[in-house]
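Reviewing the structure listed below.
The values are calculated or read from the model by the stated rules, or taken from the named source; none is laboratory data. Everything numeric in this text was worked out from a predicted model, so none of it was measured. All Cβ positions, even for glycine, are placed from backbone atoms using ideal geometry, and neighbour counts span all protein chains on display. Accessible surface areas use protein heavy atoms only, side chains included; no ligands, DNA or RNA. Shrake-Rupley method; radii C 1.70, N 1.55, O 1.52, S 1.80 Å.
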Amino acid sequence: MSLLRDIQQAAVDSSIPLSDLLRKCTLLAARLQNDELRSWVARELNGYESADELPPYRVATVISKGHFSGPFQSGLRNANIPLSCLPDEFQEMLSHTHIQNGIAALESLVKNADGGTLREPWNPDLVAHFGKSIYNGMNCMEAWKVIPVSGIVGVLDTVRTKVLNFAIDIEAAAPEAGEAPPNVEPIAQDRLQQIFHTNIYGTVQNVANGSPGTTQTATSVHNESALFTDLVKAISTSAADQDTIRRLTEAVEEMRLAGNKKSFHEAYVRFVSTVSDHMQIIGTAVAPFLPQLAALAS
C-alpha cells in the first residue's frame with residue numbers, strides 16, 4: 001500500500017491513535033520536502049509552545065465554576081461564575097481555553113477523563129484579587145474553567161479530518177508523491193502549499209497571479225453526470241448490504257448536486273470514508289471511479 005493510501009486508511013480508522021497517524025505524516029512531509037507540513041505535524045505531536053501559535057480549532061469557549069464560602073458556615077459549591085462581574089480585560093481570557101497539549105496528551109485526557117468535563121484552574125492571584133466581588137458576602141476559595149471532554153474530542157477529530165483531506169488532495173495532484181525517492185520533488189511547492197493551506201488552515205493561496213500575500217476561496221466544481229450515473233449503477237449491483245448501498249448512493253447524489261467546491265469535497269470525503277469501511281466488499285465496484293472523483297475534489 002502506498003504511503004498516501006496508508007495515511008487515508010489510518011485517518012478513517014478511529015482505532016488507530018491519531019499520534020500514530022501524524023507520525024506517518026512526518027514521513028510524508030520529508031518525502032514532499034515541505035517544511036511547513038513538517039512544522040505543523042511537529043506542533044500537533046509535541047504541543048504548541050505559545051497560545052499565540054494556536055490555530056482556531058484549538059481555542060474553545062468555556063464557562064467557569066467555583067467554590068465559595070460565606071458567614072455562618074454558608075457556602076456554594078460548583079457555582080457558576082458570571083464573568084460580567086470581572087473587568088473586560090479578564091473576560092476574554094476566562095471565557096476561552098487554549099489547548100496547547102500535544103495530540104498524545106489529548107488522547108490520554110479523553111481516555112482517562114472522569115465524567116464529561118475537565119478542569120483548568122484559575123490563576124490563584126485572580127482568585128485572591130476578585131474572589132470577594134463575584135457573589136455578595138462570599139469569598140471564592142477555588143475557581144476553574146470547565147472544559148467539556150467533547151471539546152477535546154472535537155480537536156482530535158478536526159486534526160484527523162484535516163489529514164484525510166490533505167492526503168486525498170495530494171494523491172489527486174500527484175498519486176506517487178508518497179513514494180518519492182530522496183532529493184526528488186514529487187509535486188511543485190506552490191501547488192503543495194495551495195493544498196496545505198486549503199486543508200490545514202482553510203485558505204487557498206493565490207499562486208495564479210503571483211501574489212503570495214493574498215488568499216482566495218475555491219468556489220467551482222464541474223460535475224459529470226455520466227460519471228455519477230455509472231457509479232450509482234456500480235454500487236447498486238455490488239455485493240454490499242442495503243444500508244451501505246444507501247449511504248454510498250446518498251453521498252454520490254450529494255456530490256452530483258454540490259453547488260460549490262467545498263460541498264463537493266465534503267461529500268467526497270464521506271463517500272471515501274464509507275468505502276474504506278467496506279473496502280473488501282465494495283472496493284472492486286468503485287475503484288475505477290476513484291481517480292476521476294479525486295481529480296474533481298482536488
Once normalised by the length of the chain, the mean sequence separation of its alpha carbon contacts under 8 Å that are 6 or more apart gives a contact order in percent of 18 percent
Cut-off under 22 Å on the C-alpha distance; same-chain residues fewer than 8 positions from K132 excluded. Which lysines are left, in chain and number order?
K65, K145
Accessible area of the range 84-168 belonging to carbon and sulfur atoms, whole % at 1.4 Å probe:
52 percent
Using the charge dipole of the chain (Lys, Arg: +1 at Cβ; Asp, Glu: -1 at Cβ; taken about the Cα centre), state which of S108, S133, L54 has its Cα farthest towards the positive end.
S133
Please compute, for the alpha-carbon atoms of the chain, the extent along each of the three principal axes and give them in descending order in Å.
78, 47, 33
Averaged per residue, the 1.4 Å probe accessible area of the chain, protein heavy atoms only, in Å², is roughly 52 Å²
Measuring from its Cα centre, the range 1-135 shows a charge dipole (+1 at each Lys and Arg Cβ, -1 at each Asp and Glu Cβ) which, in debye to the nearest 20, is 400 debye
Taking Cα atoms, the helix 242-257 axis meets the longest principal axis of the chain at an angle in degrees (rounded to 10) of 90 degrees
Just the number, please: carbon plus sulfur as a percent of the accessible area of the range 1-78, 1.4 Å probe, no ligands or DNA/RNA counted.
48 percent
What is the dipole size for the chain, taken about its Cα centre, with +1 at each Lys and Arg Cβ and -1 at each Asp and Glu Cβ, in debye to the nearest 20?
460 debye
Can you grab the distance from the C-alpha centre of the range 1-44 to the C-alpha centre of the range 111-175, Å, no decimals?
24 Å
Relative contact order for the range 25-176: what is it in percent, counting Cα pairs under 8 Å that are at least 6 residues apart?
27 percent
Which order do the peptides 244-253, 158-167 come out in when sorted by mean C-beta neighbours inside 10 angstrom, highest first?
158-167, 244-253
Using only Cα atoms, find the angle between the long axis of helix 103-112 and the longest principal axis of the chain, and express it within 0 to 90 degrees, rounded to the nearest 10.
60 degrees
